[in-house]
Amino acid sequence: MSIARFWRETPRRYNLGGSKCTMCGTVYFPPRAVCPTCAHHRESIGKMVPFQLSGDGEVFSYTTVHEAAEGFEMQVPYVLALVRTVEGPILTGQIVDLAPEEVRIGLKVRATFRKLREEGRAGVIHYGYKFAPAEELPGPRPGGPRAAVGARTAPESDRASA
């Protein structure tokens, strides 16, 4: 993805900004200018309004990636999931803060803002949404306890000395 395109898409990446049809109430992500759900599509022109998705949803389907695409080699294995948001749209995103074997269909998740990748020798860092569990699971976590989404915690080494 070119850097210019990346910056044009920033509002969707940072805010999960979609659109909603004022005629039928269907929510879309990414935003649309016309509602394909309405019987007469042309009637929805000009009737689509910006809509902010909450980021809450559940895993609809998923796969564990063992052979990563270029730039993601250091993350394998990782889980890519289809997440059905509470508003309706299904988004694709990586599941984080959970071991791959703990991911399951129906797992409640919440969008979280994370580093996606670095690009080129200049090291341009791309950020966007990923999904973290919205519920606590029993048992120890690899790398320590999981914090609530959006909460900041000190690294393990800092917490041990505190």
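Quick note: the coordinates plus some simple rules give every number you see, no bench work behind them. In this text the structure is predicted, and so the values were computed from the model without any measurement. Don't worry about glycine lacking a Cβ; one is built from the backbone with ideal geometry, like all the others, and counts go over all protein chains shown.
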Set of lysines with alpha-carbon distance to residue 115 below 27 Å, sequence-local pairs under 8 removed | 130
Residue-ordered couplings for region 19-33, obtained by feeding phi - 60° into the Karplus form 6.51 cos²θ - 1.76 cosθ + 1.60 and rounding to whole Hz (Gly and Pro as x), are 9, 9, 7, 6, 8, 10, x, 6, 9, 10, 9, x, x, 10, 8
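Give me 105, 95 sorted ascending by neighbouring Cβ count inside 10 Å, so fewest comes first.
Values: 105 11, 95 23.
Ordered from fewest to most neighbouring Cβ atoms within 10 Å, 105, 95 come out as 105, 95.
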Taking alpha-carbon centroids only, region 112-127 lies from region 35-101 a number of Å equal to 19 Å
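Going by C-beta contacts inside 10 Å, put 116, 82 in order with the fewest on the left.
Values: 116 18, 82 15.
Going from least to most buried by this count: 82, 116.
What is the extension gain from residue 114 to residue 101, computed as 0.36 nm multiplied by their sequence separation minus the C-alpha to C-alpha distance, in nm to one decimal? Please report the intermediate quantities before stating the final value.
Working: separation 13, 0.36 × 13 = 4.68 nm, distance 2.13 nm.
Taking residue 114 through residue 101 to full extension adds about 2.6 nm, to one decimal.
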Taking 0.36 nm per residue of separation and subtracting the Cα-Cα distance, what length does fully extending residue 52 through residue 121 add?
-> 21.4 nm
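Tell me the Kirkwood hydrodynamic radius of region 56-136 in angstroms, computed as one over the mean inverse distance between distinct C-alpha pairs. Don't jump to the answer; show the numbers that get you there.
Details: mean 1/r = 0.0762 Å⁻¹.
One over the average 1/r among Cα pairs gives 13.1 Å for region 56-136.
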Mind jotting down a quarter of the surface of the convex hull over the alpha carbons of region 18-83, in square nanometres, one decimal?
-> 6.3 nm²
From phi via Karplus (6.51, -1.76, 1.60), per-residue ³J(HN,Hα) for region 86-94 in Hz, x at Gly/Pro = 5, 7, x, x, 9, 10, 9, x, 7
Report, by chain and number, residues whose modeled amide H sits under 5 Å from the one on residue 56, excluding near sequence neighbours (fewer than 5 apart, same chain).
-> 86, 111
